[in-house]
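Asker: Structure in structure tokens, see below.
The values are calculated or read from the model by the stated rules, or taken from the named source; none is laboratory data. Because the structure is a prediction, the values reported are computed rather than measured. No Cβ is skipped: glycine too gets one built from the backbone with ideal geometry, and neighbour counts run over all protein chains shown.
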Amino acid sequence: MSAALWMPDGKVPAGGDIVTNQGYADVLHRLVAAGDSAAGEAGTREARIDAARREWREGSVAKAAVAFLAEPHRHSSGTDHAGVMTEVDFTGFSAGYEPAATLEFRGHTIAKTGPWGQGPALLQTLAILDGFDDEYLDPSTALGAHTILEAQKLAIADREAYYGDASVPLDYLLSPEYGAERRQLIGELASHAFRPGKVPATSPSCRRSARSTSRRQPPGAVTVPLPAWVSRRSGPPG
């Protein structure tokens, strides 16, 4: 299925070729159409959004997903299994609303998810970068790419150490003072270390890399590794 979409006619697209995703485009058109019909009833933006969300979980998307999951697919066990989700599962769930995590950066309000996702890592990156002059923020230059990547590595280290569904000290992690403290760790050379910050009265819950824990582990112990870039010289994904 993926090959049919990204390799039309079985060929790798060449530079300048246009690859389209008609199925996804059709889904977006159906969601817009659902919103348009709701606009005639209530006429509000909120009503249109709710109608599109309803179409997603009760309409063609849910039906297509359930049909796809009902077809057995090969698992890592080497055997084929069908999914267990039903249309009732889709219709019975509705995402809620919550305040966005935000940061003011150079005259703009940047909004991301809460720390149950990785969204605030971008906000932390911007908080670190905010103390640099503009010449340090141009990703098309060696200086800019280096500075941005180093800030990202520091923010993602904190993501690994502190983010999750439990209580997360996000106000502290996004504070100007903490951003300034983390900014001091960026030097002229790329760091190869995993460096989460220290948050008062909070213990980091990060997973240690296999290299740093294997010497102390008993036989048979299993370590979940950190993201691959942490232990490589290439830096985080850009």
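Asker: Please specify each residue of segment 28-47 satisfying the condition of being closer than 17 Å to Ala95 by Cα and at pLDDT below 90.
Answerer: Passing the criteria: Glu46, Ala47.
Asker: Moving on to the next point. Is it the case, given these coordinates, that Ser209 is surrounded by fewer than 11 Cβ atoms within 10 Å (Cβ to Cβ), farther than 24 Å from Glu104 by Cα and either modelled with pLDDT under 95 or more than 20 Å from the chain's Cα centre (by Cα) (or both)?
Answerer: Details: surrounded by fewer than 11 Cβ atoms within 10 Å (Cβ to Cβ): no; farther than 24 Å from Glu104 by Cα: yes; either modelled with pLDDT under 95 or more than 20 Å from the chain's Cα centre (by Cα) (or both): yes.
When the stated conditions are applied, Ser209 does not pass them.
Asker: Do you know which residues across segment 1-41 are loosely packed, with under 11 Cβ neighbours inside 10 Å and in a loop (DSSP other than H, G, I, E, B)?
Answerer: Met1, Lys11, Val12, Ala14, Gly15, Gly16, Asp17, Ile18, Val19, Thr20
Asker: Which fully enclosed helices (runs of 4 or more DSSP H) of segment 42-132 have 3 or more residues being in contact with a helix residue (DSSP H, G or I) (Cβ under 7 Å, 6 or more places away or on another chain) and aliphatic (A, V, I, L, M)?
Answerer: Working: elements: 45-58, 60-70, 87-91, 119-129.
Here the list reads 45-58, 60-70, 119-129.
Asker: Can you find a residue that is more than 20 Å from the chain's Cα centre (by Cα) and crowded, with 16+ Cβ neighbours inside 10 Å anywhere in segment 120-133?
Answerer: Of all residues in segment 120-133, those more than 20 Å from the chain's Cα centre (by Cα) come to 130-133.
With crowded, with 16+ Cβ neighbours inside 10 Å added as a condition, the list becomes 130, 132.
Among the residues of segment 120-133, at least one is more than 20 Å from the chain's Cα centre (by Cα) and crowded, with 16+ Cβ neighbours inside 10 Å, which makes the answer yes.
Asker: How many residues are part of a helix (DSSP H, G or I) and without any contact (Cβ under 8 Å) to a residue 60 or more places away in the chain when one looks only at segment 133-147?
Answerer: Looking only at that region, the number is 8.
Asker: Report whether or not Glu150 is of a type in the set (Asp, Glu), in contact with a Cys (Cβ under 8 Å, 6 or more places away or on another chain) and closer than 29 Å to Ser203 by Cβ.
Answerer: no
Asker: Does segment 162-175 include one or more residues that are within 28 Å of Glu135 (Cβ to Cβ), out of contact with any Leu (no Cβ under 6 Å at 6 or more places or on another chain) and not hydroxyl-bearing (Ser, Thr, Tyr)? First the steps, then the outcome.
Answerer: Here is the first cut: in segment 162-175, the ones within 28 Å of Glu135 (Cβ to Cβ) are 173-175.
When the remaining residues are screened for being out of contact with any Leu (no Cβ under 6 Å at 6 or more places or on another chain), the result is 173, 175.
Narrowing further to those that are not hydroxyl-bearing (Ser, Thr, Tyr): 173.
Taking every residue of segment 162-175 in turn, at least one turns out to be within 28 Å of Glu135 (Cβ to Cβ), out of contact with any Leu (no Cβ under 6 Å at 6 or more places or on another chain) and not hydroxyl-bearing (Ser, Thr, Tyr).
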